[in-house]
Amino acid sequence: MNLVTPQAYARSVAPQAVTGLPADFRWGVATAAYQIEGAAAEDGRTASIWDTYCRVPGAVVRGENGDVACDHYHRMPEDVQLIADLGVDTYRFSLAWPRIQPGGRGPANQKGLDFYKRLVDELDAKGVTPWITLYHWDLPQELEDAGGWPVRDTAYRFAEYARLAYDALGDRVAHWTTLNEPWCSAMLGYAYGVQAPGRKNFGEALHAVHHLLLGHGLASQYVRGAAGGNPLELGITLNLGTATPETGSEADREACRRADGLGRRLYLDPIVHGSYPEDVLADLAAADVELPVREGDLEIISTPLDVLGVNFYRGTLFSGVSEDGSTVDPEGRPVTRAVPRDLPRTAMDWEITPDELTDLLLGLEDDYHLPTVVTENGAAFDDTVAEDGAVHDEDRTTYLADHIAAVAAARAQGADVRGYFAWSLMDNFEWSYGYDKRFGIVRVDYDTQVRTLKDSAKWYRDTINLTRNS
Ligand code: FCB
């Protein structure tokens, strides 16, 4: 295969107004607590599963961790200034559970809450709307020791933490996301073992799925009830892609059904329709897995939402046939194989597929009728710093331009998509890839913690500005 290099992908794109977006379209940047905050052992914060996982030899590139990260905990006001200078109206960030409720049980830690109160103050002062994610993967280690997400009690612990957070900030923050990408928490964390806590047990991972969704539902019920007359936009963020069959064959279409079932419908059907998809339950039963659903759970999980957060990085082409021509793997399970395409790729080796973002948003509109916001989209590339310190990241700018155009195209065709947040505000700790992969539109020099706007940040700022004034 002739792989297209990022250099061949990049074009020179001038900022221009994006047509077809409403005046109140939300523009944002996104981050997550463990990826940027640092101050891992300060002001009462205890360890999360990521602090532990980073210490497992071989788990993270070069054994890196989030102890210091972007030192955002100490540089927060200057970072908020940076956000305001970009001209975005919304900042999506996550709260660190072990900062707010050390150990995952008991009362709130005032110093932890104070940090987020100061952050909200700074954002308010600069006219930037806070968009809070309650859980972006940092489960308190003590709760993992007690069984983690495969255990039902963790859902109730999460709801209690959500209560502490909402009670402290709910009068000032209207935008609440319960979970970020539960598929990653469950599958990468408990089935494939490539993210914290690093377990490899498919059955446990599926139990984690149900308990994450239950936690989402319990937290949603609390927040809905507690909001009273306060403005509230409540949602969940899922990592979603598209599944395209390689050919029209039955085997390839079945592979897509399975991928879409385990990746998208397993989450959205219970959340929106109050039931798990029958075909996925049947596939799971064939693998001897049963979801630990109790009476009443699905009503809780389907607590009404205002918005669906969509994190999009790429779509995938699937085949139901292995490279050696078989439709079952050595364990007798049906083959669901991602087929690499001759498309440009990012530094993560992810194919660049903006048209599939349009397809995804239109499909979500048809299947679930929820307003959506793209809560993450962006790309890692191997940035180079020019002699004058600038980063001419045409590849990233092209990526953003193509995906924003894809969002506008989806809107033009009837998808109710209301916002776009770039991942990420700044380079940060990219989980198992450590600091190797840079997703920021702002460069971070980890030796000095100096932040520098990359060309993509300037392009984003100017594009937002032109669009607003068009
Ligand atoms: C998403 C995560 C986010 C970041 C991006 C690249 O899956 O939500 O924290 O790592 O991928």
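Summary table
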item: Tally, over the range 416-427, of residues that are within 15 Å of Arg26 (Cβ to Cβ) and over 14 Å from the mean Cα position of the chain (by Cα); result: 4
item: Conditions (1) modelled with pLDDT of 95 or more; (2) farther than 18 Å from Leu284 by Cβ; (3) open to solvent by 40 Å² or more (accessible area, probe 1.4 Å): number failed by His207; result: (2)
item: Filter result (away from the ligand (no atom under 16 Å from the Cβ), in a helix (DSSP H, G or I) and open to solvent by less than 40 Å² (accessible area, probe 1.4 Å)) within the range 369-399; result: Thr397, Thr398
item: Unmet requirement for Met187, which otherwise passes all of (1) modelled with pLDDT of 95 or more; (2) open to solvent by 10 Å² or more (accessible area, probe 1.4 Å); (3) not hydroxyl-bearing (Ser, Thr, Tyr); result: (2)
item: Identity of the residue in the range 353-368, open to solvent by 10 Å² or more (accessible area, probe 1.4 Å), of a type outside the set (Ser, Thr, Tyr) and free of Cβ contacts under 8 Å to residues at least 60 places away in the same chain, that ends up nearest to the ligand (Cβ to nearest atom); result: Pro354
item: Flag if Phe115 is within 16 Å of Gly44 (Cβ to Cβ), within 23 Å of the chain's Cα centre (by Cα) and not in a loop (DSSP other than H, G, I, E, B); result: yes
item: Answer residue from the range 424-435, given it is in a helix (DSSP H, G or I) and on the phi < 0 side of the Ramachandran plot and is surrounded by the most Cβ atoms within 10 Å (Cβ to Cβ) among those; result: Ser432
item: Selection status of Ala415, more than 16 Å from the ligand (Cβ to nearest atom), outside any helix (DSSP H, G or I) and open to solvent by less than 10 Å² (accessible area, probe 1.4 Å); result: yes
item: Any hit, the range 430-450, residues being free of Cβ contacts under 8 Å to residues at least 24 places away in the same chain, more than 16 Å from the ligand (Cβ to nearest atom) and closer than 22 Å to Pro15 by Cβ; result: no
item: Unique match (being outside any strand (DSSP E or B) and in contact with a strand residue (DSSP E or B) (Cβ under 7 Å, 6 or more places away or on another chain)) among Leu357, Leu361; result: Leu361
item: Positions within the range 227-281 being small (Gly, Ala, Ser) and either open to solvent by less than 40 Å² (accessible area, probe 1.4 Å) or under 20 Å from the mean Cα position of the chain (by Cα) (or both), in sequence order; result: Ala227, Gly235, Gly241, Ala243, Ala251, Ala255, Ala259, Gly261, Gly263, Gly274
item: So Arg118, is it open to solvent by 10 Å² or more (accessible area, probe 1.4 Å) and either over 21 Å from Ala457 (Cβ atoms) or modelled with pLDDT under 95 (or both); result: yes
item: Scope the range 436-470; condition within 19 Å of Glu78 (Cα to Cα) and either assigned to a strand (DSSP E or B) or among the acidic types (Asp, Glu) (or both); matching residues; result: Val442, Arg443, Val444, Asp445, Asp447, Val450, Arg451, Thr452, Leu453
item: Residue check for Tyr267: hydroxyl-bearing (Ser, Thr, Tyr), closer than 23 Å to Tyr135 by Cα and touching an Asp or Glu at 6+ places or on another chain (Cβ under 8 Å); result: no
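The values are calculated or read from the model by the stated rules, or taken from the named source; none is laboratory data. Computed from a predicted model, the values in this text were never measured in an experiment. Virtual Cβ from ideal backbone geometry, glycine too; neighbours counted across all protein chains shown. Only protein heavy atoms, including side chains, enter the accessible area calculation; ligands, DNA and RNA are left aside. Shrake-Rupley method; radii C 1.70, N 1.55, O 1.52, S 1.80 Å.
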